[in-house]
Amino acid sequence: MKLHKGDKIMVTAGKDRGREGVVERIWKDKVLIPGINQYKKHRKAQGEKQPGEILTLSRPLPIGNVAMVCPKCKQVTRVGYRIVGDKKVRICRKCDQQI
Ligand SMILES: [Zn+2]
């Protein structure tokens with residue numbers, strides 16, 4: 001997977017298109033970005049001490065709906081790879097820097 005936890009991304013499709021966020025969790029084909037793709041969940045009261053409430057939660061987005069924002073050039077970019085020594089590193093396709 002090209003994205004890592006903590007990467008800055010921009011949403012390219014859906015209702016949050018154009019918004020930026022930071023990857024929190026990654027699955028095979030989905031990513032969770034806090035604050036993006038939110039929905040409201042109504043929780044019933046759990047007895048006396050825990051009143052009912054409306055929670056705002058984020059749903060994971062399909063990985064194809066986000067694009068990486070390069071930390072070096074701040075542009076929305078695609079990720080490429082380069083072999084440095086015996087390691088594979090990610091590079092920005094726009095500015096060609098290691099990310
Ligand atoms: Zn760049």
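The values are calculated or read from the model by the stated rules, or taken from the named source; none is laboratory data. These numbers were taken from a predicted model, which means no experiment stands behind them. As a convention, Cβ positions derive from the backbone with ideal geometry for all residues, glycine included, and neighbour counts pool all protein chains shown. Side chains included, ligands, DNA and RNA excluded: accessible areas come from the protein's heavy atoms. Shrake-Rupley method; radii C 1.70, N 1.55, O 1.52, S 1.80 Å.
Odds and ends about this structure:
- The value of relative contact order for the chain, using C-alpha pairs under 8 Å at least six residues apart, is 22 percent.
- Solvent-accessible area, 1.4 Å probe, carbon plus sulfur percent, for the chain: 48
- Among the listed pairs 28/88; 8/44; 15/72; 15/41, those beyond 24 Å (Cα-Cα): 8/44; 15/72
- Semi-axes of the equivalent ellipsoid for the chain, Cα gyration tensor, largest first, Å: 35, 14, 10
- Probe 1.4 Å, accessible area per residue of the chain, Å²: 70
- Ranked by the mean number of other Cβ atoms within 10 Å of their residues, highest first, the peptides 8-20, 39-51, 66-78 fall in the order 66-78, 8-20, 39-51.
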